[in-house]
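Worksheet: one structure, shown below.
Every read-out reported here was derived from the displayed coordinates using simple, explicitly stated rules and does not represent laboratory data. Everything numeric in this text was worked out from a predicted model, so none of it was measured. With ideal geometry, Cβ positions are generated from the backbone for all residues, glycine too; neighbour counts draw on all protein chains shown.
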């Protein structure tokens, strides 16, 4: 690897998704926000992602920077540069991997319209990894721009560090784990189609219980490994959250760093949020939240009761997210006079059970299956408290949005939830003192969640204590500046 002066550092961020064009979760938001923050620190950052069908307009408007014919196992393709802006804010440069054979498919980035994985996912993301590696080497297909560091995001980019290892003048590599539960497992026979060196296929490479693991390969070959919160970096070195890779992570612990994600405060800011009935800041939080609560109750079909404690959630409806825990405690919560609104989609059984509760408690429980960006913002602003009882959560973003919107969250003590929310303490303690910003429970059980909800309800009955907790949350700093500085410092240790 070459030594690069920091002011000249060129970073390639390679990702399978990037908001707002392609987003299935927090990864898409990070892939858009972190490059903008790094650009603000003076780094030259470009984002490489597949040119999915939904990006056709950007491909058409962009400039072709490189193209290549079919070669070996790889189809022909092009590299298209496009300038992208998000919500009229400062944008960044996208490098779109245009290969219709692999990416012009119906459905999402990983699955078809029926919810089945795309049959060619190994080759699709293998090509993404290969092109990323070439852009970080002396063999770059675009000689005018060669990355000094390649930052890989999750298993779809997992072959990149290995490909880099055999290229001349290679860049340094960083692999960020956004969720270790997803590892990119394929038959070992796919190695030939991915042009993987046979020497990489042993236990110290990609092989994982007789299969090919893109994530394991990345962990073995990357120069540094990061994950999205300090607590999650510790959790994944043990079962159950190591998901079978805890041994590899312990062996590479010296290269493992936990950096808490930030949030895009140009998009998530109650003082400027165009989706709200009434924008507000810390000085006007009481009036602002009262107006947005009324708007949320009207939008969701809840009883227009300003005194009813209103809890909200915006989530994938899965067991990981603790939706079953919410379902179990919801009848009790409604019996306390509370209301609940949910927005999300996921496991059809959870969708049905939530909809059944909405039918059982009309005017008190409202459920919208799907995703609506304006409603997500209104829930953050209009709810009194946000529920996030995830069994595990590498980082999480909604708890940070909730704090910034004066909506104290109720969270399980895991991953980034534990790192970003300070607990209010036992039921008989006052939330008007100390540094508490929400309600944290220690174990992912319905009983523990109910106890935390009891504490939240008790604190709501003290308006002054509740307002002080809201204000503490709204003064937290969750913008990307701090996290981006941590990444920039890591880049410099790897390239300097």
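Based only on other Cβ atoms within 10 Å, what is the fewest-to-most ordering of 234, 422? Before the final figure, lay out each step's value.
Values: 234 16, 422 19.
Taking fewest neighbouring Cβ atoms as first place, the list is 234, 422.
Based on the alpha-carbon gyration tensor of the range 223-302 and its eigenvalue square roots a ≥ b ≥ c, which shape applies: rounded if a/c is under 1.5, prolate if not and a/b is larger than b/c, or oblate?
Numbers: a/c = 4.46, a/b = 2.72, b/c = 1.64.
Note, shape of the range 223-302 comes out prolate.
Please state the relative contact order of the chain as a whole percent: Cα pairs under 8 Å, 6+ residues apart?
Details: 1033 pairs, mean separation 60.5, N = 496.
Rounded, it is 12 percent for the chain.
Using only Cα atoms and rounding to the nearest 10 degrees, what angle (0 to 90) does helix 285-300 make with the longest principal axis of the chain?
Approximately 80 degrees, to the nearest 10.
By counting other Cβ atoms within 10 Å of each Cβ, how are 124, 63 ranked from fewest to most? Numbers along the way, then the final one.
Details: 124 21, 63 9.
So the ranking, lowest neighbour count to highest, is 63, 124.
Could you tell me the distance between the Cα centroids of the range 287-337 and the range 94-135, to the nearest Å?
Centre-to-centre (Cα) distance: 38 Å.
Which three semi-axes in whole Å describe the equivalent ellipsoid of the range 282-474, each the square root of 5 times a Cα gyration tensor eigenvalue, listed largest first? Mind showing how you got there, number by number?
Values: eigenvalues 100, 74, 48 Å².
One finds semi-axes of 22, 19, 15 Å for the range 282-474.
Can you tell me the relative contact order of the range 119-259? Whole percent, Cα pairs under 8 Å, sequence separation 6 or more.
Values: 257 pairs, mean separation 30.2, N = 141.
About 21 percent, as a whole number.
Kindly put 332, 145 in sequence by how many other C-beta atoms sit within 10 Å of each C-beta, fewest to most. Display every interim value, and only then the final one.
On the way: 332 13, 145 17.
Fewest-to-most ranking of 332, 145: 332, 145.
Suppose R0 equals 56 Å. What FRET efficiency, 1/(1 + (r/R0)^6) with r the Cβ-Cβ distance, do residue 373 and residue 193 give to the nearest 0.05?
Values: r = 38 Å, r/R0 = 0.68.
Using R0 = 56 Å, I get an efficiency of 0.90.
When a/c reaches 1.5 or more, the comparison of a/b and b/c decides; with that in mind, is the range 235-369 rounded, prolate or oblate per its Cα gyration tensor?
On the way: a/c = 2.86, a/b = 1.45, b/c = 1.97.
Verdict is oblate for the range 235-369.
How compact is the range 327-435 by the rule of thumb for globular proteins, expressed as Cα Rg over 2.2 N^0.38 Å? It would help to have the intermediate numbers written out before the result.
Numbers: Rg = 14.7 Å, N = 109, 2.2 N^0.38 = 13.1 Å.
Here the answer is 1.12, to two decimals.
Between residue 204 and residue 272, how high is the FRET efficiency from 1/(1 + (r/R0)^6) when r is the Cβ-Cβ distance and R₀ = 45 Å? Nearest 0.05. Spell out each step's value before the answer.
Values: r = 50 Å, r/R0 = 1.12.
It comes to 0.35.
Which value in nm describes the separation of the simple spin-label points at residue 165 and residue 349, placed 7 Å from the Cα toward the beta carbon?
The modelled label-to-label distance comes out at 4.0 nm.
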